[in-house]
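Working notes, structure below.
The values are calculated or read from the model by the stated rules, or taken from the named source; none is laboratory data. Computed from a prediction, not measured in an experiment: that's the story for all the values here. All Cβ positions, glycine included, derive from the backbone under ideal geometry; neighbour counts span all protein chains shown. To get the accessible areas, we keep the full protein, side chains included, count just its heavy atoms, and leave off ligands, DNA and RNA. Shrake-Rupley method; radii C 1.70, N 1.55, O 1.52, S 1.80 Å.
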Amino acid sequence: MSMYILSSHEIKQLAEELRASHDVYGPQVDPQTQQVFFDQLGDVDALNLEAPIPSMPVKEILFPQMEQVLKYKYDAETQNVEMAKPYVEKPKVLFGLRPCDLSGIQVLDRFFLGQEFVDDVYLTHRRQCLLISNTCLNPFPQCFCVCTHSGPDADEGYDLDLTKLQDGYLVKVGSEKGQALADAHDWKPAQAHHLSEQKAVVDRCIDLFPEMATDNKAWVARVMNRITTGFVKSETWEYIGDQCFECGACSFVCPTCSCFNVEDARMCDGECERLRTHDSCSFEGYARMAGDHNPRQPVEDRRNKRFFCKLSYPQSKKYLRPGCVGCGRCQWVCPGDIGLPNVVQYIRREITE
Amino acid sequence: MSNCHGSHAHGNCKPTGLCPIVTFPEVVNIDEIRDEAPEVKTFYMSFLNKDVEREFRIKSGQFIMCTVFGAGEFAVSLPPSPENDRFHISVRAVGKVTHALHALKPGDKLGVRGPFGNGFPFEEIKGKNIIYVAGGIGLIPLRSSIVHALQHREDFGRIILLYGARSSRDLMYQPDIQIWKQNAGFETFITIDRPEAGWDGEVGYVHQLIDKANVPIDNSVAFVCGPPVMFNSVIGEFLKRGMSEDAIVSTLERQMKCGIGKCQHCAIGRTLVCTDGPVYTYRQIKTLGEQI
Ligand code: SF4
Ligand code: SF4
Ligand code: SF4
């Protein structure tokens, strides 16, 4: 596919232009807390393509933390029911996705759209969505995408892919939608040396990963094998489970965690809403059934579920890649020190000892 | 709204042309409510939209998601197809939503999505004997399968029902069992746990009926549903007599929120009960690697 070279100014222009017809989301740094959020852009000047990885994964936009999936009104007197669909389709641009987050979206696509049933709610949010990824020039403290093949550069799934080089941004086209956008502009074609420069930039970034991340690389595959075949000792799972506070943070920050709960609630005007909210397999009530039978009572039974989701072959068959995209967010937020890289370490220790 | 209704424009259409109601519940009317056993009621219902009613086909062994407006949604096993039997569900009041359901009266409305799940493997078991073994409300998931088997009576060998409950009050579907019994070659053996005044039938546990009924083991399949204790003792008996683990079939229950393999609440090991199940062979159940 074609490649172009754009100045920073042209990139901003593109974002501004897309804003006319799309909701444009991009990384922004909160001036007070210095936290990075991937939010809707009120002003393109807030778009910060050099910002570190956003605190929350981009899945929030396609699969919100809390969302109405049905509204209804039931009149017990007349026994009449009215139903409405509350979610709407809007054209969106996700501008400046970190490659790990882009891989996360691919995982969700394959899970929500590629299995036996299509999830209508996710499809509605995803249908008109332009994905623009942004190569990482430096890894951030918890990153380990080199172990999971999802960074620091994107190799598929984007419409446009940006890499900051000396002369400006190298823009790679990855889809027909992206090409149509390029054709509508008078962008300067990139030269062969730009491509080799990009390769050098990515190689340099890979070299900058902390030793623990690269050291784990081969181990991620071996640990996957262990988890799939059930060869991880129950003591190891208990050790891991003992450190879990059941807070659910790991699931909420993970770009590929997609469990949800569904609840019906009454609103004040007599209408009811059906809410879909993020859920976490770490919660005690996750599998509890009516009548209080709970097949997953001990916390380690629930913890190994999470790592089975991220690192096992049956689950990877659904995602067409490992369930973990190496963003390191769970490592960052877990108060119990059992982020995914640590779990790989624990299982690795069990194998080598 | 985006249910298919036979226009087949939806992403969830099935090649058979009979498409499940995936996203938005279809409204049904409660026509009649019958008390079945303590805390168990049967709700007979019909779709308001007659086009949907015509399209709605359930394979025996599947389940639906049922909305009680204002309370929530629950998964309920295996009502028979409207073409075979009146469309109904039998539900025990155990949780918030099912209690709300029990408070409803005829004429009230419910929402229905589905059907979901794999269903019983009737194609593969043609020519075999079928042994139904049920404990208590375990007869609910087996009911549609019995109806199906009796409608295709010539496809199977002996059809035997071994059914046990705590007391005679807890026996389900009494009138139906009487009707089934009139069917040539439907053998029924019923037992209750403890002796009771006025009960002249069997007393004891279900697995003790296996000998009484002189159950054939070769060329047979057993459909077993009931509480874990009963399940384990019945399976133990069958295995002892040399029945293959593939010939023992059961249904599993889990918390379900979506029914379409997305919410993941029903995951057991690598399987999702809503899309891979709810019908499993004992060999599969044994290798799921989680508590049942
Ligand atoms: S498991 Fe942890 S490191 Fe992996 S994708 Fe999820 S949050 Fe990121
Ligand atoms: S995990 Fe990799 S792709 Fe994601 S932000 Fe870090 S370096 Fe970039
Ligand atoms: S973030 Fe850590 S402590 Fe919290 S639920 Fe996840 S694994 Fe457990």
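Observations on the model:
- Electrostatic tally near B:ILE30: other residues with Cβ closer than 13 Å to its Cβ, Lys and Arg +1, Asp and Glu -1, net +2.
- Using the Cβ of B:HIS265 as centre and a radius below 9 Å, the other residues enclosed give a net charge of +1, where K and R count +1 and D and E count -1.
- Per residue, the Cα convex hull of the range A:49-145 amounts to 127 Å³.
- Between the range A:1-79 and the range B:167-196, the Cα center-to-center distance that results, in Å: 62 Å
- With distances taken between every two different alpha-carbon atoms, the range A:267-341 has a Kirkwood hydrodynamic radius of 14.9 Å.
- Scattering curve values for the range A:298-353, log₁₀ I(q)/I(0), Debye with Cα scatterers, q = 0.14, 0.18, 0.22, 0.26 Å⁻¹: -0.41, -0.67, -0.96, -1.17
- Dipole magnitude for the range B:87-210: computed about the Cα centre from +1 point charges on Lys and Arg Cβ and -1 point charges on Asp and Glu Cβ, it is near 480 debye.
- Filtered GluC sites (Glu not before Pro), the range B:54-145: DSSP coil and at most 15 other beta carbons within 10 Å: B:GLU83
- For q = 0.09, 0.10 Å⁻¹, Debye-computed log10 I/I(0) when each Cα of the protein assembly as shown counts as one equal scatterer: -0.83, -0.98
- Of all DSSP beta bridges confined to chain A, the antiparallel ones make up roughly 75%.
- In the range B:36-79, the ratio of gyration radius to Kirkwood radius, Rg to Rh, stands at 0.99 when only Cα atoms are counted.
- Amide proton proximity set for A:MET3, modelled H, under 5 Å, gap of 5+: A:ALA190
- Other residues lying with their Cβ under 10 Å from the Cβ of B:MET65 contribute a combined charge of +1, Lys and Arg counting +1, Asp and Glu -1.
- If both residues of a DSSP beta bridge must be in the range B:174-292, then about 55% of such bridges are antiparallel.
- Rg to Rh, two decimals, where chain B supplies the alpha carbon set and Rh follows Kirkwood: 0.95
- Using only alpha carbons, chain A has a radius of gyration to Kirkwood radius ratio (Rg to Rh) of 1.00.
- Given +1 at the Cβ of Lys and Arg, -1 at the Cβ of Asp and Glu and no other charges, the dipole of chain A around its Cα centre is 1000 debye to the nearest 20.
- Furthest towards positive pole of dipole, A:ALA51, A:GLN35, A:CYS205, structure part chain A, Cβ charges: A:CYS205
- Integer Hz, Karplus 6.51/-1.76/1.60 couplings in order for the range A:19-36, x for Gly and Pro: 5, 5, 10, 9, 7, 9, 10, x, x, 9, 9, 6, x, 7, 9, 6, 7, 9
- Listed residue (B:LEU209, A:PRO141, A:TYR169) projecting farthest to the positive dipole end of the protein assembly as shown, Cβ model: B:LEU209
- Each listed q (0.13 Å⁻¹) maps to a log10 I(q)/I(0) for the range B:123-251 from the Debye sum over equal C-alpha point scatterers, namely -0.48.
- Residue with peak Gaussian network fluctuation, chain A [Cα springs, cutoff 10 Å], from A:GLN32, A:GLN315, A:GLN65: A:GLN32
- Volume in Å³ per residue [convex hull over Cα atoms, computed for the range A:217-353]: 134 Å³
- Cα-based Rg and Dmax for the range B:52-150, where Dmax is the largest Cα-Cα distance (Å): 14.5, 47
- Quotient of Cα Rg and 2.2 N^0.38 Å for the range B:205-276, N being how many residues it contains: 1.36
- Accessible area of A:SER7 in the full protein assembly, 1.4 Å probe (Å², nearest 10): 50 Å²
- Among beta bridges that DSSP assigns inside the protein assembly as shown, antiparallel share in %, nearest 5: 65 percent
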